[in-house]
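Notes follow the structure.
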Amino acid sequence: MTSVSKPQKVHIGIMALPLNKSGQFLITKRNEPKFPPAHHKWQITGGGMEFGETPEQTLTREFQEELSVTPKILYPHPILKTYLWDYQDHQSHILLACYVVDIGNQSPKVDGFENIAYKWIPPQDIHHLDFLPLCDEIISEAQQIVQEKNLLSLL
């Protein structure tokens, strides 16, 4: 249990890893100068679920806002992780749900607000990048799902 000296909040983050025909995943670089532990770190695209949304609705909204693309879920069971962030004014307990998705031939466009860059990476290169916490673990699990479920055949 964490200390109660700061307000505590629980958040649900819905994310997705777009997969391309080469077996690469799309990641984005975060822009959050007011929170240095996250600023300029590579991340998985997504965001917070809003009241009344389904995970699929959150995913669609976040991908439209951040990349101007519409994702299609390839595998219906998300990878689940939790993480605690200690902000200056509160603590956040975040439940992350990450899907493997297809964006087809759509061309992502970073919003310049939350994201300042994107790139496609082969899963074996994840250890060479500065990621937000848990991203490398999630990408490794996603790669296992891609292989076990033969998701490349769906693209």
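None of the figures in this text is laboratory data; all of them are computed from the coordinates on show. This is a predicted model, so every value here is computed, not measured. Glycine gets a Cβ as well: all are built from the backbone with ideal geometry, and neighbour counts include every protein chain shown.
Would you kindly derive the ³J(HN,Hα) couplings of segment 69-80 from the backbone phi angles with the Karplus curve 6.51 cos²θ - 1.76 cosθ + 1.60 (θ = phi - 60°), listing them in order in whole Hz, with x for Gly and Pro?
9, 10, x, 10, 5, 8, 9, x, 9, x, 7, 10
Please identify every one of the chymotrypsin sites (Phe, Trp or Tyr not before Pro) in segment 43-118 that sits in a loop by DSSP and has no more than 11 other beta carbons within 10 Å of its own beta carbon.
In loop regions of segment 43-118 (DSSP not H, G, I, E or B), the sparsely surrounded chymotrypsin sites (Phe, Trp or Tyr not before Pro) are PHE51, PHE113.
With a cut-off of at most 12 other beta carbons within 10 Å, and DSSP calling the residue loop, which trypsin sites (Lys or Arg not before Pro) in segment 20-60 qualify? Please list them.
Answer in residue order: LYS21, LYS34.
For ILE121 and LYS149 in the same chain, what is the full-extension length gain: residue separation times 0.36 nm, less their Cα-Cα distance, in nm?
8.1 nm
Label-point separation (nm) for GLU32 and THR82, each offset 7 Å from Cα along Cα-to-Cβ?
1.9 nm
Mean separation of Cα pairs under 8 Å and 6+ residues apart, divided by the residue count of the chain: what relative contact order is that in percent?
So the answer I get is 32 percent.
For segment 59-103, taking Cα atoms only, what is the radius of gyration to one decimal and the Dmax to the nearest whole Å?
Considering segment 59-103 through its Cα atoms, Rg and Dmax are 13.6, 38 Å.
Sort 119-127, 140-148 by packing, meaning the average of other beta carbons within 10 Å per residue, with the highest value first.
Top to bottom by mean Cβ count within 10 Å: 140-148, 119-127.
Before rounding to the nearest 500, sum -39500 (n - 2.57) across all DSSP H runs of length at least 4 in the chain and divide by the residue total; then give [θ] at 222 nm in deg cm²/dmol.
Rounded to the nearest 500, the figure is -5500 deg cm²/dmol.
Give a residue-ordered list of calculated ³J(HN,Hα) values for segment 121-130 (Karplus: 6.51 cos²θ - 1.76 cosθ + 1.60, θ = phi - 60°; whole Hz; x for Gly, Pro).
Going residue by residue, I get 10, x, x, 5, 8, 4, 7, 9, 10, 8 Hz, with x marking Gly and Pro.
Given segment 8-154 reduced to its alpha-carbon atoms as identical point scatterers, what log10 I(q)/I(0) does the Debye formula return at q = 0.20 Å⁻¹?
Summing over Cα pairs of segment 8-154 leads to -1.36.
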